[in-house]
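Take a look at the structure below.
Nothing in this text is a laboratory measurement; each read-out follows from the coordinates by a stated rule. The structure presented is a predicted model; accordingly, all values stated were derived computationally and were not measured. Note that each Cβ is placed from the backbone with ideal geometry, even for glycine, and that neighbours are counted across all protein chains shown.
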Amino acid sequence: ISPEGHPITPDKVQLGKMALQDLTRVAQSPCSNVAGDAALASLARRIDPSAPPTLLVLRTGLTRTTALPGDIVVVPNSLLDKSDGADAVAGFILHEKRAAFGRDPTKSLIRYAGLWSTLKLLTSGVMDPQSIAGYAETLLQAEPTTLEDDELLSAFKTAGISATPYAMALASTGRDTK
């Protein structure tokens, strides 16, 4: 509770930015140019028009699409290079967003930060960036979450995006598409 008597709510977007900052130590800064940023914003609106995620592309160091706190989704540049169109990329983002429901990226970050930093966050709304130093390596080594077909297909249907390009992209990587 703040001195004014209001509950302190940790800012998930700020936590996501802190996680991204740590991730950029090993994966460089996000790519950014006017055309690319516009394309990502358009794709984000297609994925979720009511609450578009923040999409960022990392040039190196990332092997799969990864969710961060605050509805930030980082995409490896290699995925854009290999994919045939926006629907395939959207599929990987949809998968990661849906998987993030089951394994909240904020909880993962807080667990990594430890008890003392979490208590400070909950009482002051602030987390020391040093408490998550090295989080990126843990994040990058985590196993990807597997989703049930029905759950994933429901996400595609809700977003109005074809699942076929995603399935074809998965098949080209050798991953099981059932």
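What angle, in degrees between 0 and 90 and rounded to the nearest 10, separates the Cα long axis of helix 164-173 from the longest principal axis of the Cα atoms of the chain? Between the helix axis and the principal axis of the chain, the angle is about 80 degrees. Hand me the GluC sites (Glu not before Pro) from segment 85-178 located in a DSSP loop with no more than 13 other Cβ atoms within 10 Å, in residue order please. Those satisfying the criteria are Glu148.
Per residue Cα convex hull volume for the chain, in cubic angstrom? Each step should come with its number before you reach the end.
Numbers: hull volume 23.2 nm³, N = 178.
Considering the Cα atoms of the chain, their hull volume per residue is 130 Å³.
Dividing the helix sum by the residues of the chain, where each DSSP H run of 4 or more adds -39500 (n - 2.57), gives a mean residue ellipticity at 222 nm of -17000 deg cm²/dmol. Can you compute the FRET efficiency between Gln130 and Arg59 using 1/(1 + (r/R0)^6), with r the Cβ-Cβ distance and R0 = 25 Å? Round to the nearest 0.05. It comes out at approximately 0.45. Over segment 103-178, the pair-distance histogram of Cα-Cα distances with 10 Å bins from zero comes to 15, 32, 22, 22, 8 percent, rounded to whole numbers.
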